[in-house]
Amino acid sequence: MSQAISQSHNTSFFNGIYQEVWRRMIHPGLTEAELPFLEDVCGLQPGQRVLDLMCGYGRHSLGLARRGYQLTSIDSSEGYVAEVQATAAAEALPLTALHGDVSTMTFDGPYDAAICMGNSFTFFNAASVRSLLQQLSVALKPGGRFVIDTWMIAEIAFRHFQERAWHQVDEFRYLIGSRYLMHPSRIEAEHLIITPDGKVETLLGVDYIFSIAELETFLAEAGFTLQDVFYTPRKRRFQLGDNRAYLVAVKS
């Protein structure tokens, strides 16, 4: 893997075959557990407004809209956005889905809560994170919660990094070749996906690695206080060695 990988590669990452592979990687039971968790930690009441950043195929947006919340859902994949729009229209859900780059957008608030799930927050470098958080701070009401779901913070990446890993996702075979780089700290990866009929697709992506302390600093700069870091939707607190983290921040 000789090509330098930048944040721009992430914009098109969820196009093509990977759109379907990602959908199959996430067990429906996880989403079913995360929805009441989000309601709880965000203190949501039916009718309140929620902003879903990098909403993907809408597993949280659609689920929350079905529970009576008003959703604004944004993603960089036109295919995912079209899918969410179609489902929301068919079910007459209170959901608006938009296509765009959340790191450069302004958000039409005020919102009662915001979420960024599925490790999407690590797609952005430090400058983009700061910009996103500043815009989010403007859009959220005082006391509003922001939840980040990630498996690529430093406390996880240092323990679980692998240079090569094979996965089987239903009928898809999936090889990831990764390298850990510094300045900025990041994992650059080449994803090779083989379909059942032998078609091969190669994708390049990068996860920017920040420690919990670094994220806490970014959040504080934008007017947020990091309130909790959990390992599971059952609210077991994160410990070193865990492989997932839910960060819950509140706007001051």
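The table below lists the values:
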| item | result |
| --- | --- |
| Complete set of residues in segment 139-163 that are among the aliphatic types (A, V, I, L, M) and touching a Gly at 6+ places or on another chain (Cβ under 7 Å) | Ala139, Leu140 |
| Test: residue in segment 139-151 that is in contact with a strand residue (DSSP E or B) (Cβ under 7 Å, 6 or more places away or on another chain), free of Cβ contacts under 8 Å to residues at least 40 places away in the same chain and open to solvent by 60 Å² or more (accessible area, probe 1.4 Å) | no |
| Residues located in segment 91-116, provided they are under 20 Å from Ala222 (Cα atoms) and in contact with a Lys or Arg (Cβ under 8 Å, 6 or more places away or on another chain) | Gly109, Pro110, Tyr111, Asp112, Ala113, Ala114 |
| Residues of segment 160-188 satisfying the condition of being touching a strand residue (DSSP E or B) at 6+ places or on another chain (Cβ under 7 Å) and among the hydrophobic types (A, V, I, L, M, F, W, C) | Phe161, Ala165, Trp166, Phe172, Leu175, Ile176, Leu181, Ile187 |
| Elements of type helices (runs of 4 or more DSSP H) in segment 18-124, at least 2 residues being among the polar types (S, T, N, Q), touching a Leu at 6+ places or on another chain (Cβ under 7 Å) and surrounded by fewer than 16 Cβ atoms within 10 Å (Cβ to Cβ) | none |
| Residue match in segment 153-161 (condition: among the β-branched types (Val, Ile, Thr) and open to solvent by less than 70 Å² (accessible area, probe 1.4 Å)) | yes |
| Selection status of Val200, among the aliphatic types (A, V, I, L, M) and open to solvent by 20 Å² or more (accessible area, probe 1.4 Å) | yes |
| Residue within segment 183-195 that is touching a residue at least 12 places away in the same chain (Cβ under 8 Å) and open to solvent by 80 Å² or more (accessible area, probe 1.4 Å) present | no |
| Answer from Ala92, Ala86, Ala97 - the residue that is small (Gly, Ala, Ser), in contact with a strand residue (DSSP E or B) (Cβ under 6 Å, 6 or more places away or on another chain), at pLDDT 95 or above and under 23 Å from Pro28 (Cβ atoms) | Ala97 |
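The values are calculated or read from the model by the stated rules, or taken from the named source; none is laboratory data. All of these numbers come straight from a predicted model, not from anything done at the bench. We place every Cβ from the backbone using ideal geometry, glycine too, and count neighbours over all the protein chains shown. Protein only, heavy atoms only, side chains kept; ligands, DNA and RNA dropped before computing areas. Shrake-Rupley method; radii C 1.70, N 1.55, O 1.52, S 1.80 Å.
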